[in-house]
Structure formats: C-alpha cells, structure tokens
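Visitor: Below are the structure tokens for one structure; questions will follow.
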Amino acid sequence: MSDEILGHFINGERIAGTGRSSAVFNPATGEAIGRVAMASSETVARAVDAAAAAFPSWRETPPLKRARIMFRYKDLLERNTRRITEIITREHGKVADDALGEFSRGIEVVEYTCAAPELLKGEFAKNVSAGIDSWSEHQPLGVVAGITPFNFPALVPLWMFPMAIVCGNTFVLKPSEKDPSTSLVLAELMSEAGLPDGVLNVVNGDKEAVDALLKSREVEAVSFVGATPTAEYVYATGTASGKRVQALGGAKNHAIVMPDADIDNAANALMGAAYGTSGERCMAISVAVCVGDEVAEKVVGKLKDGATRMKVGPASDAASEMGPLITRDHFEKVRAYVDIGVEEGATLVVDGRELALQGYEDGYFLGPCLFDHVTPDMRIYREEIFGPVLSLVRAASLEDAMALIDDHEFGNGTCIFTRDGEAARHFGNRIKVGMVGINVPLPVPVAVHSFGGWKRSLFGDLYAYGPDSVRFYTRRKTLTQRWPSGGVRERAQFSFPNTPLEA
Ligand code: NAD
C-alpha cells in the first residue's frame, strides 16, 4: 500500500489528497489497499468554482461538438474496459462478469448522449398568431452536483455526468468513499476525449463534502443515488435552498411466482436476481412471493439446490459467481439480519453464515441465505438488507401478492413470472412500482428509457438518464417573436394577447 492519499480531480487535473482521509479495503481479502481524502468544504468550493468558471463557454459550445467529445469518450471507455473493471472488482469485490455488465450499461448511457443535437433541438411553431413565431428550447442549468453510492462505482456516475454535460452543464461528482478510484479514471478519460478543464470535477469525501455541495449557492441541481434516509436528507436540504433535486433511494423488490409459471426458469432467474452482486443491487429481488403452497414448495426446493451449489469466491477466481460484501460493517449488518430472521421465526432453509473460504478468511464473504415462511410483520421483510438474503412469502392469490407489494414502503422494481398474459397485463397496469418485469427479473430500463422507482424509492419526480434526464438537466425557455414591417404604425393593445375568435 502506497502512502499517497487518493485525492480529487479539479479543473482538469488530479489534486493530491490532504487532511482527513479514510481507508479503502479490498473486500475479498479484508486488506487496506489505500486511503482516500475526505474533501473539506474549501476543496468542494474549489471544484464548484472551477465548474462555474467553465460554464459560460461550455454552455455556448454547440451540442454537436459536445456529442463528438462523447463519441470519443465512448471509444476511450471501451478501450479501457479491462483497466476499469479491474478497479471495480478490486475495490467493490463484484465478480469480473458482473463488473463488465455494469460497465457496459454505463457505456450505453454515453451512447445515448451522442444524440445530443437531436435531444436538445427544441420545438418550433410558426405563425402562432399573425406574423408571430414561438419556440421552446432546453437551456442548461449551470453547475450540477452528483452524489453516488458504492454498489455501482462506474454505472451510477455514468447515469449522471454524461447527460448533464452534454446538456451544457458543468458538473461536480462526489462518489462513494468506499470505492473511489473508478470515478477519477472516468473523469481523466473525459479530459482525454477533449472535454475542457473544469466541465467535470470529482471530489472525494463524505457527509462534509455532500453538505458543502448542498449549501453551495452556485450548485443549481443535485442528482443523488443511495440509501433512502440519505436520499430523503439530500432532497429536503437541497430543495429547501431552491435547488432542483432528484434523489433515488433504497428498495425491497418482490417477484411473484404464479402457479402457471415455468418454475425452472423462474427459480434460475430468482437465483441471479437475488444473489448477483451479493444482493447489493437496488434492483435485486429480495422477496419471492409464491402464489399457493404447491408453487412455494417447488420454488424452495429449486432455490435450495441452486444456492447450495453456488460458487462464492473472489473475483480473481473466474469460476466465482458471487463475491464478498463491501465492508466489514456491512457484512456484520447483513449477518445480523439473518440472526434476526431466525429469531423472528422464519425458516432458514439455506444458511450462508458459516461460509469459510480458504485463503480469504478476512474477506467479507457471506454465503447465499434463503428464508421460507417469511411474513410481512418481520423486519427481514420490511427493511432493506442489501445482501444475499432472499425471503420467500406465501400468498393465496395474485391479488394478495399484489397487495403486499403495494403496501410496502419501497417501489423500485418488481417482476411477475407467469404464462398468463391477462394476469401479467393486470399486474403491469396496476402495481405501484416504477420498474416492472414480465418474466424479466431485473427490469433495469435501457438508456433510451429512464430509471426510477415509486414511493420511498425516489424523491423528486424525474427519473435518471434517458429522456427524463434531458428534462432534469435543462430548463425550458419559451420565446415568442415578431418582426413588424418597417413604417407600419401599431396601436396600443389593452386586451390580453389573443387571436380573435371568428364572429
Ligand atoms: P449511502 O446513502 O450510504 O451513500 C450514498 C452517498 O451518500 C455516498 O456518496 C455517501 O458518501 C453519501 N452519504 C452517506 N451518508 C450521508 C449523510 N449522512 N449525509 C450526506 N451524505 C451521505 O448509500 P450506499 O450504502 O453507498 O449505497 C447503497 C444504497 O443505495 C442502498 O440503499 C441501495 O438500494 C441504494 N441504491 C439505489 C439505487 C436506485 O437507483 N434507487 C441505485 C443504487 C443504489
């Protein structure tokens, strides 16, 4: 481990870390692999000042020129895939395929930004009244801040800054302090692609940096992704000072398994959706609702089989299907939830607590855990665990299963496994959740749509990336013009401007 403290990226260059810092760990080994600076409010102000200074000329840069930088960026990202996915696996711990999946989905957002001239062209109406034309345009906001979580160190930053920048804003990103290196490389590659200095800045840090961004008068808007209590705080604090805020929060995603479903496929889909990334995904399925006891018995049997055979291990082993949890604290928290589930009376069918990996005894590995007979009053049902713990709940009918989902605090993603088109259509139409899968366990919208949940999974009303992000990162302005012919004298008009009705 070098003595250097990972710092920031401000005004086109790396800034050495000074002052407060925090350790960064390799979750597979439990070893401290570096330290990252915790930006002071002065460092944040420096980044915001750099972004504010870059804004006037960036906002005037034609969208086509901005898009061309994004074309080059996409190419550079692809050429740096290995480098970036290795950083993700080292600091986050997810297995190599999973890191690649995350990174590819981030590149899709960059591809979408290449359509900037089309996305920003606005609307024009000629002759809205005699000799008068009117148009609406999307103007950038100014300095925008992004605050991101640990679980997608490349994807979530890529949801934010490419769209914000291509819309003409300048940006300050505050990534998670648990896996901070990816963002710095993403920013350096933007410079290499031709982005002017100061348009994208990265400050590493914790609450102090977040609070400095929320208090800054120059920050016009904030995109946040993280846990619901933090999302609520960021939303309340940011909007109270007049900022535009979108804050995406936590989740408890349910999958319904209907009696007519292809049970083998549904069980395999549930395995991947529950235990992929060790359950550290906001779209992970953490509750399987089986309609009828017969279905439940079959699903439990198949999941038990699959979970027992799953290969848990470090990303360095190509056979690993699931890696460690992010930190020792988070590992202890998830493990404690398994103890709580047992105390609450749920049946622990697969117990991952005793998993021991030779050579990785200090890593934060928890094996897959499966609970049956979970009921809605239990904490393991109500609270987000964010680990490899799947709860199976039994319901008597589709309506009962849907009522469970609708009554839950969160509404991020959900899915139904069925062969019945009518049931699927009814579910898609009525369920109170933002992203819905029909035989698709992780219905993460592609880049041409937008990503967001309902209820306490999202504060604000515009989703991340896709068409909603053009609305979030721009302000609509509507202009109305006329060019009176020279020499024509006009009388004062005292009526409200209108086109007279026919007599
Ligand atoms: P977190 O809320 O602890 O941290 C997110 C960011 O907020 C980090 O940059 C962190 O430094 C900062 N932060 C943490 N506590 C803060 C505080 N008190 N005040 C100000 N800033 C603070 O979240 P996490 O543990 O990094 O990520 C996991 C959570 O994120 C889960 O709840 C997961 O569901 C959620 N998540 C949601 C989505 C979504 O799209 N809805 C996507 C990914 C993750």
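Visitor: Only one of these is in the same structural domain as His92 (by TED's automatic domain parsing), open to solvent by less than 50 Å² (accessible area, probe 1.4 Å) and either modelled with pLDDT of 95 or more or within 16 Å of the chain's Cα centre (by Cα) (or both): Gly238, Gly279. Name it.
Guide: On the way: Gly279 fails: in the same structural domain as His92 (by TED's automatic domain parsing).
That would be Gly238, the only listed residue that is in the same structural domain as His92 (by TED's automatic domain parsing), open to solvent by less than 50 Å² (accessible area, probe 1.4 Å) and either modelled with pLDDT of 95 or more or within 16 Å of the chain's Cα centre (by Cα) (or both).
Visitor: For Glu399, are the conditions met, namely being more than 16 Å from the ligand (Cβ to nearest atom) and open to solvent by 10 Å² or more (accessible area, probe 1.4 Å)?
Guide: yes
Visitor: Another one. Go through the stretch 327-361 and count every residue that is open to solvent by less than 10 Å² (accessible area, probe 1.4 Å) and more than 24 Å from Ala288 (Cα to Cα).
Guide: 0
Visitor: Please go through the stretch 214-251 and give me each residue that is within 9 Å of the ligand (Cβ to nearest atom) and not small (Gly, Ala, Ser), ordered by number.
Guide: Across the stretch 214-251, the qualifying residues are Leu214, Phe224, Val225, Thr228, Pro229, Thr230, Tyr233, Val234, Thr237, Leu248.
Visitor: If the Cβ limit is 6 Å and pairs must be 6+ apart or interchain, which residue in the stretch 298-319 that is touching a residue at least 40 places away in the same chain (Cβ under 8 Å) pairs with which residue that is among the charged types (D, E, K, R)?
Guide: Val300/Asp372; Met310/Glu321
Visitor: Specify which of the listed residues (Arg35, Arg90, Arg83, Arg14) is free of Cβ contacts under 8 Å to residues at least 60 places away in the same chain, open to solvent by 80 Å² or more (accessible area, probe 1.4 Å), under 23 Å from Val203 (Cα atoms) and not assigned by TED's automatic domain parsing to the domain that holds Gly359. Lay out the reasoning, then the answer.
Guide: Numbers: Arg90 fails: free of Cβ contacts under 8 Å to residues at least 60 places away in the same chain; Arg83 fails: free of Cβ contacts under 8 Å to residues at least 60 places away in the same chain; Arg14 fails: free of Cβ contacts under 8 Å to residues at least 60 places away in the same chain.
On inspection, the qualifying residue turns out to be Arg35.
Visitor: For the stretch 20-62, give me the residue count where each residue is in a helix (DSSP H, G or I) and either over 15 Å from Leu141 (Cα atoms) or over 25 Å from the mean Cα position of the chain (by Cα) (or both).
Guide: Of the residues in that region, 17 qualify.
Visitor: Would you check which residues across the stretch 450-503 are part of a loop (DSSP other than H, G, I, E, B) and within 30 Å of Leu158 (Cβ to Cβ) and list them? Spell out the reasoning first.
Guide: The first filter runs over the stretch 450-503 and keeps only residues part of a loop (DSSP other than H, G, I, E, B), leaving 450, 452-453, 456-457, 460-463, 465, 473, 483-503.
Residues satisfying the conditions are Ser450, Gly452, Gly453, Arg456, Ser457, Gly460, Asp461, Leu462, Tyr463, Tyr465, Tyr473.
Visitor: Among the residues of the stretch 334-349, is there at least one that is assigned to a loop (DSSP other than H, G, I, E, B) and within 19 Å of His373 (Cα to Cα)? First the steps, then the outcome.
Guide: Filtering the stretch 334-349 for residues assigned to a loop (DSSP other than H, G, I, E, B) gives 345-346.
Checking the rest, the ones that are also within 19 Å of His373 (Cα to Cα) come to 345-346.
Within the stretch 334-349 (the criterion being assigned to a loop (DSSP other than H, G, I, E, B) and within 19 Å of His373 (Cα to Cα)), the answer is yes, since at least one residue qualifies.
Visitor: Right, here's the next one. As an exercise: evaluate Arg72 against (1) in contact with a strand residue (DSSP E or B) (Cβ under 9 Å, 6 or more places away or on another chain); (2) open to solvent by 50 Å² or more (accessible area, probe 1.4 Å) and give the number of the one condition it does not meet.
Guide: With respect to (1) in contact with a strand residue (DSSP E or B) (Cβ under 9 Å, 6 or more places away or on another chain); (2) open to solvent by 50 Å² or more (accessible area, probe 1.4 Å), Arg72 is out only on (1).
Visitor: Being of a type in the set (A, V, I, L, M, F, W, C) and within 15 Å of the ligand (Cβ to nearest atom) is the filter here, so list the residues in the stretch 125-160 that pass it. Spell out the reasoning first.
Guide: Filtering the stretch 125-160 down to residues of a type in the set (A, V, I, L, M, F, W, C) leaves 125, 128, 130, 132, 135, 141, 143-145, 147, 150, 152, 154-156, 158-160.
If the condition is that a residue be of a type in the set (A, V, I, L, M, F, W, C) and within 15 Å of the ligand (Cβ to nearest atom), then Ala145, Ile147, Phe150, Phe152, Ala154, Leu155, Val156, Leu158, Trp159, Met160 are the ones that fit.
Visitor: Among Val448, Val433, Val470, which is at negative phi and open to solvent by 30 Å² or more (accessible area, probe 1.4 Å)? Give the derivation first.
Guide: Details: Val433 fails: open to solvent by 30 Å² or more (accessible area, probe 1.4 Å); Val470 fails: open to solvent by 30 Å² or more (accessible area, probe 1.4 Å).
So the residue among Val448, Val433, Val470 that is at negative phi and open to solvent by 30 Å² or more (accessible area, probe 1.4 Å) is Val448.
Visitor: Here's a follow-up. For the condition out of contact with any Phe, Trp or Tyr (no Cβ under 7 Å at 6 or more places or on another chain) and within 25 Å of Glu177 (Cβ to Cβ), what is the one hit in Ala51, Ala67, Ala96? Steps first, answer last, please.
Guide: Numbers: Ala51 fails: out of contact with any Phe, Trp or Tyr (no Cβ under 7 Å at 6 or more places or on another chain); Ala67 fails: within 25 Å of Glu177 (Cβ to Cβ).
Matching residue, one of Ala51, Ala67, Ala96: Ala96.
Visitor: Residue check, Ala212 against (1) crowded, with 16+ Cβ neighbours inside 10 Å; (2) in a loop (DSSP other than H, G, I, E, B), all met but one. Which one?
Guide: Only one criterion is unmet by Ala212, namely (2).
Visitor: Exactly one of (1) in a strand (DSSP E or B); (2) within 13 Å of the ligand (Cβ to nearest atom); (3) open to solvent by less than 10 Å² (accessible area, probe 1.4 Å) is unmet by Ser286. Its number?
Guide: (3)
Visitor: With respect to Glu280, is the statement that it is free of Cβ contacts under 8 Å to residues at least 60 places away in the same chain and out of contact with any Pro (no Cβ under 8 Å at 6 or more places or on another chain) true? Give the steps one after another, and end with the answer.
Guide: Details: free of Cβ contacts under 8 Å to residues at least 60 places away in the same chain: no; out of contact with any Pro (no Cβ under 8 Å at 6 or more places or on another chain): yes.
So Glu280 fails the test.
Visitor: Let me ask something else. I'd like the residue in the stretch 17-32 that is of a type in the set (Ser, Thr, Tyr) and open to solvent by 40 Å² or more (accessible area, probe 1.4 Å) and, out of all such residues, is farthest from Glu177 (Cα to Cα). Walk me through how you get there before you give the answer.
Guide: As a first pass, look at the stretch 17-32 and keep what is of a type in the set (Ser, Thr, Tyr): 18, 21-22, 29.
Imposing the further condition that a residue be open to solvent by 40 Å² or more (accessible area, probe 1.4 Å) reduces the set to 18, 29.
On the way: Thr18: 15, Thr29: 18 Å.
Among those that are of a type in the set (Ser, Thr, Tyr) and open to solvent by 40 Å² or more (accessible area, probe 1.4 Å), it is Thr29.
Visitor: Need the failing condition index for Asp264 against (1) more than 17 Å from Ile405 (Cα to Cα); (2) within 12 Å of the ligand (Cβ to nearest atom), just the number.
Guide: Here Asp264 meets the rest and fails (2).
Visitor: So which of Leu184, Leu173 is out of contact with any helix residue (DSSP H, G or I) (no Cβ under 9 Å at 6 or more places or on another chain), within 16 Å of the ligand (Cβ to nearest atom) and open to solvent by less than 10 Å² (accessible area, probe 1.4 Å)? Even if it seems obvious, please write down each step before you answer.
Guide: Working: Leu173 fails: out of contact with any helix residue (DSSP H, G or I) (no Cβ under 9 Å at 6 or more places or on another chain).
Of the residues listed, the single one that is out of contact with any helix residue (DSSP H, G or I) (no Cβ under 9 Å at 6 or more places or on another chain), within 16 Å of the ligand (Cβ to nearest atom) and open to solvent by less than 10 Å² (accessible area, probe 1.4 Å) is Leu184.
Visitor: A further question follows. All but one of (1) under 30 Å from Val312 (Cα atoms); (2) within 14 Å of the ligand (Cβ to nearest atom) hold for Leu392; state the number of the condition that does not hold.
Guide: It fails just one condition, (2).
The values are calculated or read from the model by the stated rules, or taken from the named source; none is laboratory data. Quick caveat: nothing in here was measured; it's all calculated off a predicted structure. Backbone-built Cβ (ideal geometry, glycine too); neighbour counts: all protein chains shown. Please note that ligands, DNA and RNA were not included when accessible areas were found on the heavy atoms of the full protein model with its side chains. Shrake-Rupley method; radii C 1.70, N 1.55, O 1.52, S 1.80 Å.
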